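Colleague: Let me give you the structure first, and then I'll get to my questions.
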Amino acid sequence: MSFVRNFARWGCCAATIASLAISSGAADTKKKDVVVETPSYYGLQPASENIDLTMYARIREEGFKHSHVMQFAGALTDGIGPRLTGSPNMAKANAWTLDTLTKIGLENAHLEDWGEFGMGWQQINTWIRMVTPDPEPLMAQAAPWSPATKGPVSGEAVYIEIQDVKDLDQYKGKLGGKIVLFGAMRATPDLTEPLFHRYTTEELAEMETYPTGPGRAGTPDIQKLLAERMRLAQLRTAALKMMTAEGVAVIITPSRDGKDGGGAGIIFDDNGANLIRGAQVKETAVTIPNAVMMIEHYNRLARLLQNHVPVTLEVNIETKTTGDHEHGFNTVAEIPGTDPKLKDQIVMVGGHLDSWISGTGATDNGAGSVVAMEAVRILKALGVKPKRTIRIALWSGEEEGLFGSLGYVKQHFGTFAEPKTPEPASVPSFMRQHGPLTTTKEWETMDAYYNLDNGTGKVRGVYTQENWAIAPIFKQWIAPLKDLGVSTISYRNTGGTDHLSFDAVGLPGFQYIQDPMDYETRTHHSDMDTYDRLHPFDLQQAAVIEAIFLYNTSEREAMMPRKPFPHPEREKELTAPIPGIYPNAIPQPDGK
């Protein structure tokens, strides 16, 4: 799961103006009034949902008593393994999902190319051992897209901790042929709270509130995060340039901390382990073999070196590249709609199929992928012939920046024009100003997208992404599901995954609320992200919920309500101070 900004949106679309009269000339010079009806997604919604409780019961029966979700999970995570975008395993996952969805009975199953990604890369083997002062195997994995060493490499270890670019001066001319431990030691605090957690009634109730003001839930301090990211990127870039010039043999970095503290023998291996952003692109790839090490082992080496004890290491990083310009693909398949008026409208479900490399991508996001597959399997097993077309999409490239879903949305639904004044190259793409949105015909027929990407926990509700009109609908849908633990409708935005690609262009895109389990504390992007961390009943429950949401959406007469049409090009205009109305200060009670 990746952090990507949710675009702001203001204003309204011309299509929302009800009963717009357009005068047109006819051959006989008579004028006729053409009434353009408001699309149902911008119009009034029925106060009461037509809920088919018999279908709820049938979906439950199939989903709980004849589930295939763990069979799918085993084939994907144990059978294929980690699925880095562009890798041979990602190609295997695309092929397997394509074949499986076809066997389930879905139609139009195919792979969609969303564009060039970068290097195809695969970790074959990584090991590191301390030779002196004490022979010991050390736990580490290659950082994604690391080049291979030419067999085992031995060398003297050097520990580098810098806070400023000037700190590099003390190491100049001293690093040739060395194995560099790059980065400060990490803390390993005691675990005073369980790694595993399910939401309490009080926590779910709090999610139904909508905090306002700076620091409200789900709105991190973007400028602060960006500034720190830029500072660290500049340090790493300068250090990498110097180490490359001096001929460093290998670079080892410490694993990042988990959300609630580091250590516990876990290796987190993701973008945070890379020495440069976009390490998959050949032109900017790191040319020094590099690996990420378990904190406890890294700290031991660093302490020895701080105490002037010479350390010799032996490192073997065996990796393979399969091309410098690999493309990314999404797996797509459908249950065709049958209603003559509604069959061209699309209801979508999905999750990202790609993962990082240190585990087998079970909770991130094998879980979301197999739940989506199980949801459409349930509907096919029941012989459902939906009014609208139900489409599943399994994305790649999510971990590096939502590439798969963004590419799909761009190809099918709409694109933002480049701004008149380009942003500096140092500003990440998801932070840049965007121009006007141009939509396609498919944009008008896309109904809703449902996403699961927060691990293995059961569904407890859904985030509306500030879509105020949709909450009353969802509340009616989940009322018969209270016994399954589904109770919460949160108006808040939630970020970090593929529903944002749809939400950004004004389409209803939703992420479910899931029990956190040990997702952030243990499995997210780590070597612990394996089949063993999956909870079968929770995944069955999630698939049942998704199948119900898909069915309900497909059968409604009206399309799901949308937020106002997005106008990110007006962001600066609409957030500028009003002249003469305290443009630079908050008024005080005494008028000062």
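The values are calculated or read from the model by the stated rules, or taken from the named source; none is laboratory data. From a predicted model like this one, the values you see are computed outputs, not experimental measurements. No Cβ is skipped: glycine too gets one built from the backbone with ideal geometry, and neighbour counts run over all protein chains shown.
Colleague: In the range 152-175, what residues are of a type in the set (Val, Ile, Thr) and not in a loop (DSSP other than H, G, I, E, B)?
Modeller: Val153, Val158, Ile160, Val165
Colleague: Give me the residue from the range 452-493 that is part of a helix (DSSP H, G or I) and charged (D, E, K, R) and, out of that set, farthest from Leu195 (Cα to Cα).
Modeller: Lys475
Colleague: Another question, then. Mind checking whether some residue in the range 254-263 is more than 24 Å from the chain's Cα centre (by Cα), modelled with pLDDT under 90 and assigned to a loop (DSSP other than H, G, I, E, B)?
Modeller: Yes, the range 254-263 contains a residue that is more than 24 Å from the chain's Cα centre (by Cα), modelled with pLDDT under 90 and assigned to a loop (DSSP other than H, G, I, E, B).
Colleague: Still on this structure, please answer the following. Quick one: in the range 424-456, which of the residues that are of a type in the set (Ser, Thr, Tyr) and at pLDDT 95 or above is farthest from Ala547 (Cα to Cα)?
Modeller: Thr438
Results for (1) aromatic (Phe, Trp, Tyr); (2) within 24 Å of the chain's Cα centre (by Cα), shown as yes or no for each residue.
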position	(1), (2)
Ala245	no, no
Val250	no, no
Asn271	no, yes
Tyr298	yes, no
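Colleague: Out of curiosity, is Thr149 part of a loop (DSSP other than H, G, I, E, B), under 20 Å from Val131 (Cβ atoms) and of a type in the set (S, T, N, Q)? Can you show your working first?
Modeller: Working: part of a loop (DSSP other than H, G, I, E, B): yes; under 20 Å from Val131 (Cβ atoms): yes; of a type in the set (S, T, N, Q): yes.
Yes.
Colleague: Quick check on Asp134: is it assigned to a helix (DSSP H, G or I) and in the same structural domain as Ile295 (by TED's automatic domain parsing)?
Modeller: It is false that Asp134 is assigned to a helix (DSSP H, G or I) and in the same structural domain as Ile295 (by TED's automatic domain parsing).
Colleague: Right, another one. For the range 519-563: of the residues being in contact with a Phe, Trp or Tyr (Cβ under 7 Å, 6 or more places away or on another chain) and among the charged types (D, E, K, R), which is surrounded by the most Cβ atoms within 10 Å (Cβ to Cβ)?
Modeller: Glu546
Colleague: A follow-up question, please. If we scan the range 403-413, do we find a residue that is farther than 15 Å from Asn552 by Cα, in a loop (DSSP other than H, G, I, E, B) and touching a strand residue (DSSP E or B) at 6+ places or on another chain (Cβ under 8 Å)?
Modeller: Taking every residue of the range 403-413 in turn, at least one turns out to be farther than 15 Å from Asn552 by Cα, in a loop (DSSP other than H, G, I, E, B) and touching a strand residue (DSSP E or B) at 6+ places or on another chain (Cβ under 8 Å).
Colleague: Test Asp590 against the stated conditions and say whether it is exposed (fewer than 14 other Cβ atoms within 10 Å of the Cβ) and either assigned to a helix (DSSP H, G or I) or at pLDDT below 95 (or both).
Modeller: Yes; evaluated as a whole, the condition is true for this residue.
Colleague: Given the conditions (1) buried (at least 21 other Cβ atoms within 10 Å of the Cβ); (2) within 26 Å of Asp344 (Cα to Cα), which single one is not true for Pro472?
Modeller: That leaves (1) as the condition not met.
Colleague: Take the residues of the range 17-37 that are among the acidic types (Asp, Glu) and assigned to a loop (DSSP other than H, G, I, E, B): which is modelled with the lowest pLDDT?
Modeller: So, considering only residues that are among the acidic types (Asp, Glu) and assigned to a loop (DSSP other than H, G, I, E, B), the one modelled with the lowest pLDDT is Asp28.
Colleague: Regarding Met207, is this residue farther than 30 Å from Pro82 by Cβ, surrounded by 14 or more Cβ atoms within 10 Å (Cβ to Cβ) and either basic (Lys, Arg) or modelled with pLDDT of 95 or more (or both)?
Modeller: yes
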